[in-house]
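Colleague: Encoded as structure tokens, here's the structure I'll be asking about.
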Amino acid sequence: MVVMMLMVMMPMAMRADDAQKLTVIVKNPYKEDFKDYPVTVDIKKYGDVKGAVIRWGLDMIPCQLDDLDGDGINDELFFLADIGRDESRGYDITLYDSPQQAIYPQRVYAEMMLTNKKIKEENKQDLYISHLTVERGVNPYWMLHHHGAAFENELVAYRIYFDHRQTVDIYGKYRKGLELRDTQFYPDSAQKAAGYGDDVLWVGQTLGLGTIRGWERSQPAMLTDVERRSQRIVSKGPLRTIIEVKDEEWKPTPISKPVDMLIRYTLVAGHRDCRVDVSFGRPAHDLKLCAGIINVKNSMEYSDHKGLRGCWGTDWPVSEKDSVGHKRETVGLGICLPKEVIGEEMAATNDNYAFTLSLPEGTDHFTYHITFGSNNESFGYHSSQDWFSYLREWKHNLENPLAVTVVEGTWMHR
């Protein structure tokens, strides 16, 4: 396993009139500590920001700048805060128009690559890309290694199939660390013996982990009728990675009005869950959608009947005919949907635990979250009871965020 140790380099000295100062105040009113709490600052109004330094007292806090829309100008500043119970912290931020930016240890990783047929080993592919768009009728599933973008942090790894399914699939770990650069989602026998993780879920035609699809004739409908589909690595870290999936002129049904759909998957260092932001090119209250999780074989189900649903079960991570070299895997899955978009919680089928979705009138976006754990983990959950308890705590924290306030200037915090 590769452990990345990177030097922290400071931005070049700037004139006072080139720097802009602000403070982000993070307040924790709860009786628990928060580690690696994600903080996002919208910096569009500060112009063309190319560098940032964040300090708490004398400590420099790792951060990253992200250009979400690809126009060459950074849109967000992101960092992780450690906040004790009943504590408020003010993080002093300096924004620069210099292209210099500090380099921090890499805690996340993302990759896309074309399949190189000249290389037989599945963990030594080398045709790296960051963006691919295909036209109607082109299926890039077999063109891409591990069939689409893959991304990870120290705890978990995900991939998204680049085809009409767009299924979210998962890779479980035994120990904490970044692995995908080494295994490329397919560890060889030596890597498995050395303790690397592996694919831990067979998804087939199911909803996998929280995949969004259309809903037609009382069942999930694939995203088949699409003019162009894309996958793009928006950000590779060091603290969060963002993967974008775009479907242009999608017609969920033959009589539907076409719509553009953009989905962003955000994975933050130190968190096993993934945020999913879905936006449409127009108000989309006319669309019938669904999302959910696979019904893992012989799984136990949990639901609060208010948007939180999960399962704990054991099955082969590949089709049984391809099971040589694999073992049955036990996993916990979870999805948390906002109540305002839920139509109906559907009864379990052999394939899925699903919800139908419909957006309120005039709405063109919504956000939900997905999460998983592998029983292989030395650091995670190992029973349905513990997993379902985690799901309840997870939803509570999602619905009760810390207070984050941005003010101009500096704040005396020590």
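Colleague: Can you pull out every residue in region 160-181 that is touching a His at 6+ places or on another chain (Cβ under 7 Å) and open to solvent by 10 Å² or more (accessible area, probe 1.4 Å)?
Modeller: Matches in region 160-181: 161 only.
Colleague: For residues that are farther than 12 Å from residue 53 by Cα and of a type in the set (Val, Ile, Thr), tally how many sit in region 65-95.
Modeller: 2
Colleague: Can you tell me which of 231, 191, 205 is in contact with a helix residue (DSSP H, G or I) (Cβ under 6 Å, 6 or more places away or on another chain), closer than 29 Å to residue 318 by Cα and not charged (D, E, K, R)?
Modeller: Going through 231, 191, 205 in turn, just one is in contact with a helix residue (DSSP H, G or I) (Cβ under 6 Å, 6 or more places away or on another chain), closer than 29 Å to residue 318 by Cα and not charged (D, E, K, R): 191.
Colleague: Considering only region 40-53, I want to know if a residue exists there that is open to solvent by 40 Å² or more (accessible area, probe 1.4 Å), on the phi < 0 side of the Ramachandran plot and touching a Pro at 6+ places or on another chain (Cβ under 9 Å).
Modeller: Yes, region 40-53 has at least one match.
Colleague: For region 249-293, how many residues meet the condition of being in contact with a His (Cβ under 6 Å, 6 or more places away or on another chain) and buried (at least 19 other Cβ atoms within 10 Å of the Cβ)?
Modeller: Adding up the residues that qualify gives 1.
Colleague: Every residue in region 184-224 that is closer than 18 Å to residue 280 by Cβ, touching a His at 6+ places or on another chain (Cβ under 9 Å) and acidic (Asp, Glu), please.
Modeller: none
Colleague: Turning to a different aspect of this structure: Only residues that are within 20 Å of the chain's Cα centre (by Cα), polar (S, T, N, Q) and assigned to a loop (DSSP other than H, G, I, E, B): list them for region 115-153, please.
Modeller: The answer is 130, and nothing else.
Colleague: Let me ask something else. Do we have residue 125 as in contact with a strand residue (DSSP E or B) (Cβ under 8 Å, 6 or more places away or on another chain), open to solvent by less than 60 Å² (accessible area, probe 1.4 Å) and at pLDDT below 95 here?
Modeller: Considered against the rule, which asks whether it is in contact with a strand residue (DSSP E or B) (Cβ under 8 Å, 6 or more places away or on another chain), open to solvent by less than 60 Å² (accessible area, probe 1.4 Å) and at pLDDT below 95, residue 125 comes out as no.
Colleague: Please tell me if residue 398 is aliphatic (A, V, I, L, M), under 22 Å from residue 153 (Cβ atoms) and out of contact with any Phe, Trp or Tyr (no Cβ under 9 Å at 6 or more places or on another chain).
Modeller: yes
Colleague: Return the only residue of 36, 97, 66 being open to solvent by less than 40 Å² (accessible area, probe 1.4 Å) and touching an Asp or Glu at 6+ places or on another chain (Cβ under 6 Å).
Modeller: 66
Colleague: Can you tell me which residue is farthest from residue 111 (Cα to Cα) among those in region 153-174 that are among the charged types (D, E, K, R) and free of Cβ contacts under 8 Å to residues at least 60 places away in the same chain?
Modeller: The residue in question is 165.
Colleague: Looking at 409, 343, which is the one that is in contact with a Ser or Thr (Cβ under 9 Å, 6 or more places away or on another chain), modelled with pLDDT under 95 and more than 20 Å from residue 168 (Cα to Cα)?
Modeller: On inspection, the qualifying residue turns out to be 409.
Colleague: Could I ask something else about it? Would you tally the residues in region 74-94 being open to solvent by 60 Å² or more (accessible area, probe 1.4 Å) and either outside any loop (DSSP other than H, G, I, E, B) or modelled with pLDDT under 95 (or both)?
Modeller: Qualifying residue count, region 74-94: 1.
Colleague: In the set 131, 145, which member is in contact with a Leu (Cβ under 8 Å, 6 or more places away or on another chain), surrounded by 13 or more Cβ atoms within 10 Å (Cβ to Cβ) and either at pLDDT 95 or above or closer than 20 Å to residue 197 by Cβ (or both)?
Modeller: 145
Colleague: A follow-up question, please. Does residue 224 meet the test of being of a type in the set (S, T, N, Q) and modelled with pLDDT of 95 or more?
Modeller: yes
Colleague: Then there's this: Filter region 26-37 for residues that are in a strand (DSSP E or B) and within 13 Å of residue 86 (Cα to Cα); which is nearest to the chain's Cα centre (by Cα)?
Modeller: 34
Colleague: Considering region 338-350 alone, what residues qualify as being in contact with a strand residue (DSSP E or B) (Cβ under 8 Å, 6 or more places away or on another chain) and within 14 Å of residue 215 (Cβ to Cβ)?
Modeller: Hits for region 338-350 are 341, 342, 343, 344, 345, 346.
Colleague: Right, another one. Got a number for residues in region 96-114 being within 13 Å of residue 53 (Cβ to Cβ), at pLDDT 95 or above and part of a loop (DSSP other than H, G, I, E, B)?
Modeller: Summing the residues that are within 13 Å of residue 53 (Cβ to Cβ), at pLDDT 95 or above and part of a loop (DSSP other than H, G, I, E, B) in region 96-114 gives 1.
Colleague: Answer yes if at least one residue in region 150-171 is at pLDDT 95 or above, farther than 30 Å from residue 348 by Cα and not basic (Lys, Arg), and no otherwise.
Modeller: Yes, that holds for at least one residue.
Colleague: Scanning region 202-223 for residues that are among the hydrophobic types (A, V, I, L, M, F, W, C) and open to solvent by less than 10 Å² (accessible area, probe 1.4 Å), which turns out nearest to residue 338 (Cα to Cα)?
Modeller: Checking each candidate, the answer is 212.
The values are calculated or read from the model by the stated rules, or taken from the named source; none is laboratory data. These numbers come from a predicted model, not from an experiment. Here the Cβ is made from the backbone with ideal geometry for all residues, glycine too, and neighbour counts use every protein chain on show. Keep in mind that these areas ignore ligands, DNA and RNA; they rest on the heavy atoms of the full protein, side chains included. Shrake-Rupley method; radii C 1.70, N 1.55, O 1.52, S 1.80 Å.
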